[in-house]
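Right, one structure below, let's go through it.
The values are calculated or read from the model by the stated rules, or taken from the named source; none is laboratory data. None of the values given here were measured: they were computed from a predicted structure. Using ideal geometry, Cβ is built from the backbone for each residue, glycine included, and neighbour counts are taken over all protein chains shown.
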Amino acid sequence: MVNVKSVIDILRFTDKYDIKLILTKLGSIPKLNLSIENFDTVFLYAYEYSNNALQADCFEFYKINQDKIHSIGKFGKIPLEIFVKAVKNSFNLQTKFDVLRYANGDPDLFLGATESNTLSKPYHLDACKDGTELIGVLEKFLLGPLTLEDFCPVVDYAWKFKRKELMKTCAEFWNANRDNIFELETYYDLPPETTHQISELGYRLKHNPSFSLS
């Protein structure tokens, strides 16, 4: 049985010193031996060394095996920016909100998509073996501090998926920036129920900062 990690260690060394003969002989081994267990190692190598062909193989492998990869926690060691790239390329996602919808297992994300370019539905990332709440980590990484520009799409996302901490953040931002928010055309595209709930939550937080959503 091929030890892919050892082969990749050799490939890193030969790439550093440009030993082309060994690179040629061993270069195909990671692709031919890609598995659930070594996916993180192979994908990190492909990313770090800009091996686009191997990255493409990893994207296809992830698309087919996402549930098994997450179930054994294989994304725990991969930096978030690399994880986001894998998800975007595997499922042809365009925006950070698409990635978050994917992370929440949104069944509407791939409506109308063909089997040739995506799966029927994304895998809910809360189901990782180590119990890590990846969605919350992804939200902080992708959204950063809330801004007026992103306020309405963040509200729409937070309310749709009942992301309680993010809902509170939106309500606090609403309290602090109400006049400017009322000038946003996109604010009036939000569902009336949502705009009512955010104003109500803002009121409750203003008068009771420790208020908790049930």
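Scanning segment 152-166 for residues being part of a helix (DSSP H, G or I), surrounded by fewer than 21 Cβ atoms within 10 Å (Cβ to Cβ) and not acidic (Asp, Glu) gives a total of 5. All of (1) part of a helix (DSSP H, G or I); (2) in contact with a Phe, Trp or Tyr (Cβ under 6 Å, 6 or more places away or on another chain) hold for LEU146 with one exception: (1). Among the conditions (1) outside the structural domain of ASN89 (by TED's automatic domain parsing); (2) aromatic (Phe, Trp, Tyr); (3) within 17 Å of SER90 (Cα to Cα), the only one that PHE13 does not satisfy is (3).
Quick check, is GLU183 surrounded by 11 or more Cβ atoms within 10 Å (Cβ to Cβ), more than 30 Å from LEU80 (Cα to Cα), among the acidic types (Asp, Glu) and not assigned by TED's automatic domain parsing to the domain that holds LEU100? Criteria not met by GLU183.
Results for (1) within 30 Å of LYS164 (Cβ to Cβ); (2) under 12 Å from the mean Cα position of the chain (by Cα); (3) surrounded by fewer than 17 Cβ atoms within 10 Å (Cβ to Cβ); (4) not β-branched (Val, Ile, Thr), shown as yes or no for each residue.
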| site | (1), (2), (3), (4) |
| --- | --- |
| PHE13 | no, no, yes, yes |
| LEU23 | no, no, yes, yes |
| ILE29 | no, no, no, no |
| PHE43 | no, no, no, yes |
| ALA46 | no, no, no, yes |
| LEU54 | no, no, no, yes |
| ILE64 | no, no, yes, no |
| LEU100 | yes, yes, no, yes |
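You will find that of ILE8, ILE36, the residue that is touching a residue at least 12 places away in the same chain (Cβ under 8 Å), under 19 Å from PRO79 (Cα atoms) and not in a helix (DSSP H, G or I) is ILE36 and no other. Name the residues in segment 58-77 that are touching a Leu at 6+ places or on another chain (Cβ under 8 Å), at pLDDT 75 or above and within 12 Å of ASN38 (Cα to Cα), would you? Residues satisfying the conditions are CYS58, PHE61.
So is LYS85 basic (Lys, Arg) and either touching a residue at least 12 places away in the same chain (Cβ under 8 Å) or surrounded by 14 or more Cβ atoms within 10 Å (Cβ to Cβ) (or both) or not? Here the answer is yes, as LYS85 does meet what is asked.
Taking the criterion of being hydroxyl-bearing (Ser, Thr, Tyr), out of contact with any Cys (no Cβ under 8 Å at 6 or more places or on another chain) and part of a helix (DSSP H, G or I), the residues of segment 173-214 that qualify are TYR188, THR194, THR195, SER199, TYR203. Taken over segment 180-197, residues that are farther than 11 Å from LEU148 by Cα, among the acidic types (Asp, Glu) and over 27 Å from the mean Cα position of the chain (by Cα) amount to 2.
Quick grid of which residues meet (1) touching a helix residue (DSSP H, G or I) at 6+ places or on another chain (Cβ under 8 Å); (2) closer than 24 Å to LYS5 by Cα; (3) among the hydrophobic types (A, V, I, L, M, F, W, C); (4) not in a helix (DSSP H, G or I):
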{"residue": "ILE78", "(1), (2), (3), (4)": "yes, yes, yes, yes"}
{"residue": "ALA86", "(1), (2), (3), (4)": "yes, yes, yes, no"}
{"residue": "SER90", "(1), (2), (3), (4)": "yes, yes, no, no"}
{"residue": "TYR102", "(1), (2), (3), (4)": "yes, no, no, no"}
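Selection of first residues in segment 48-73 that are in contact (Cβ under 8 Å) with a residue 24 or more places away in the chain and of second residues that are outside any loop (DSSP other than H, G, I, E, B) and among the hydroxyl-bearing types (Ser, Thr, Tyr), restricted to Cβ pairs under 8 Å at least 6 apart or on distinct chains, gives the following pairs, ordered by first then second residue: LEU54/TYR45; GLN55/TYR47; PHE59/SER90; GLU60/SER90; TYR62/SER90; LYS63/SER90; GLN66/SER90; ILE69/TYR62.
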